[in-house]
1. Of all residues being part of a strand (DSSP E or B) and without any contact (Cβ under 8 Å) to a residue 60 or more places away in the chain in the range 9-39, which is nearest to the chain's Cα centre (by Cα)? Just the residue, please.
2. Residue check: is Ala279 out of contact with any Gly (no Cβ under 7 Å at 6 or more places or on another chain) and not assigned by TED's automatic domain parsing to the domain that holds Ile243?
3. Specify which of the listed residues (Gly213, Gly242, Gly253) is among the small types (Gly, Ala, Ser), crowded, with 18+ Cβ neighbours inside 10 Å and not assigned by TED's automatic domain parsing to the domain that holds Val311.
4. Just a yes or no: is a residue in the range 148-159 modelled with pLDDT under 95, farther than 14 Å from Gly86 by Cα, charged (D, E, K, R) and more than 15 Å from the chain's Cα centre (by Cα)?
5. Among Gly173, Gly105, Gly139, which is the only one that is at pLDDT below 95, assigned by TED's automatic domain parsing to the domain that holds Lys41 and part of a loop (DSSP other than H, G, I, E, B)?
6. Among helices (runs of 4 or more DSSP H) lying entirely in the range 301-376, which contain 1 or more residues that are exposed (fewer than 13 other Cβ atoms within 10 Å of the Cβ), at pLDDT below 90 and among the basic types (Lys, Arg)?
Amino acid sequence: MIRIDSVTKRYPDGTVAVDRLSLEIPDRSITVLVGPSGCGKTTTLRMINRMVEPSEGTILIDGKDSRQQPVNTLRRSMGYVIQNAGLFQHRTIVDNIATVPRMLGWGKEKARARARELMERVGLDGSLAKRYPYQLSGGQQQRVGVARALAADPPVLLMDEPFSAVDPIVRKGLQDELLRIQDELGKTIVFVTHDIDEAVKIGTMVAVMRTGGKLAQYAPPAELLSNPADAFVEDFLGTDRGIRRLSFFPSAGLRLLTAPVVAVDATAEQIAARGTAEAPYLLVTDVDGRPLGWIEPGDLTAGGVDAARLVSYGRPFVVGTDSLRAALDCAVLSPTGWAVGVDAEGRVAGVVSQQAIGEAIRKAHAEGRTDAQVAR
């Protein structure tokens, strides 16, 4: 969809923001530009829609030189999302989203109907349609920004650090929402961020840029984490890149134990049968199979459980859906050192120790498998 061919941006004072950059941006994918401040990420993004004109080189959009298209036509064919959403404060939410369709000549009712449809798609309650941006939270405003960018159904979506101004919890929700929308719509997305965790989570391809606008490495996230091109990339990825890489290994192959799992209404015989030398604790569940907490075998008797004796299970991971990184995190957070695996409905599927997770990690590294490779 997008080909950047030996593009340079040089300003009149001699500053080179982007230096002979070449990238093939795949169709229907999320390509993330990441790097330190001043590395040319945003300049590159803005050259794609000609908010900034390249000094040298060519940018092809679907095989056509972007400079051969009228600039307004080019920009209207691309959605654009920025930090803090950039909404029109004097317009309602529904009219903010309808902005581009109205510019393209759509009737008011048709544009507003499209806006309401997109509000639902990005997870905004329809009751917000007649409110103004200042009446929404930061996360809601960013969702409006995404909806506005999608309003005319553009094939390309440009996103310039759109989630950097919101708190971590909201940011995670927005990232998940973007991945869900991308799975449904299959846009060609170019996403700028300075956050390597965000880049690894959402990117199909990640371009790491160094100061001066030079490309340091361009690769899928799993390859980037396992094989940094040089010391700069390795330092930028951080000392915990091995932990990040675990995000690409599935938890489906973990050896879960069910023996230490016992229901809160179990009989004395059932409790006695659940003891195992492998696990020093029993995991107590409610009658529906959802976890309540760990308890020492001698403290559990038939007819109920003393809640004061329960030890927190931390948080569970969803077996097969969550990664080995999530499973390891759950085990580390658990006071017992054991992680609780649950199904999609939150019912206990089994428990797993840090040691067993470590064995699974070593096996996954030896086999060189990641989630993406398993899917293929």
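The values are calculated or read from the model by the stated rules, or taken from the named source; none is laboratory data. Just so we're clear, the structure is a prediction, and the values are computed from it rather than from any experiment. Every residue, glycine among them, receives a Cβ derived from its backbone with ideal geometry; neighbour counts consider all protein chains shown.
1. Across the range 9-39, the extreme among qualifying residues is Glu24.
2. So Ala279 passes the test.
3. None of the others qualify; the one that does is Gly213.
4. yes
5. Gly105
6. Fully inside the range 301-376 and qualifying: 354-367.
Condition check ((1) among the aromatic types (Phe, Trp, Tyr); (2) outside any helix (DSSP H, G or I); (3) assigned by TED's automatic domain parsing to the domain that holds Gly203) across all residues:
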| residue | (1), (2), (3) |
| --- | --- |
| Ala85 | no, yes, yes |
| Phe88 | yes, yes, yes |
| Lys110 | no, no, yes |
| Arg131 | no, yes, yes |
| Pro154 | no, yes, yes |
| Ile169 | no, no, yes |
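Conditions (1) closer than 20 Å to Ile30 by Cβ; (2) assigned to a strand (DSSP E or B), marked per residue:
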{"residue": "Ile181", "(1), (2)": "yes, no"}
{"residue": "Val192", "(1), (2)": "yes, yes"}
{"residue": "Val208", "(1), (2)": "yes, yes"}
{"residue": "Ala272", "(1), (2)": "no, no"}
